[in-house]
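The following block contains the structure, expressed as structure tokens.
The values are calculated or read from the model by the stated rules, or taken from the named source; none is laboratory data. Keep in mind that this is a model prediction, so the values were computed, not measured. Cβ: placed from backbone, ideal geometry, glycine included. Neighbour counts: every protein chain shown. For the accessible areas, the whole protein counts, side chains as well, though only heavy atoms, and no ligand, DNA or RNA atoms are used. Shrake-Rupley method; radii C 1.70, N 1.55, O 1.52, S 1.80 Å.
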Amino acid sequence: MKKVEAIIRPSKLQAVQEGLKKANIPCLTVIPVKGSGLQKTYSERYRGAEQPMILQTRVMIICIISDENLETCINVVLDNAGTDSVGDGKIFVYNVEDAIRISTKVRGNQAIR
Ligand SMILES: Nc1ncnc2c1ncn2[C@@H]1O[C@H](COP(=O)(O)OP(=O)(O)OP(=O)(O)O)[C@@H](O)[C@H]1O
Ligand SMILES: [Mg+2]
């Protein structure tokens with residue numbers, strides 16, 4: 001199993017979620033986050049004035065998926081989260097030890113599909 005963390009623009013959340021559902025990846029967790037990427041600081045209009053901003057507002061989508069769904073999941077994010085500009089976000093992939101569906105006590109791949 002894999003964990004995919006996709007940090008994306010909030011405006012792209014709905015498209016990514018719909019894309020995942022269509023790709024038969026319905027389970028996800030979404031967390032509002034703030035962060036910064038390789039650009040150390042950037043500037044945008046905030047409360048009427050141009051100010052240096054340290055943190056960008058993004059959302060993190062977390063999906064625990066089978067190994068076989070990994071490329072599909074990544075491609076859904078790539079196809080739906082981009083604006084062809086900097087700040088579109090990043091995708092991180094981790095190995096997952098186990099998953100347990102509490103209602104049925106089923107473990108592993110069976111717990112996430
Ligand atoms: N290496 C990283 N570790 C943790 N979070 C990261 C990392 N890179 C990006 N992020 C998160 O992703 C968000 C969006 O990053 P962003 O897309 O601006 O990355 P970048 O490295 O600046 O690349 P780009 O040039 O495409 O903007 C950041 O605000 C931060 O929350
Ligand atoms: Mg950036």
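Specify which of the listed residues (17, 51) is more than 14 Å from ligand 2 (Cβ to nearest atom), of a type in the set (S, T, N, Q), at pLDDT below 95 and open to solvent by 30 Å² or more (accessible area, probe 1.4 Å).
None of the other options fit; the residue is 51.
For segment 71-113, enumerate the residues that are assigned to a strand (DSSP E or B) and within 16 Å of ligand 2 (Cβ to nearest atom).
89, 90, 91, 92 - these are the residues of segment 71-113 that are assigned to a strand (DSSP E or B) and within 16 Å of ligand 2 (Cβ to nearest atom).
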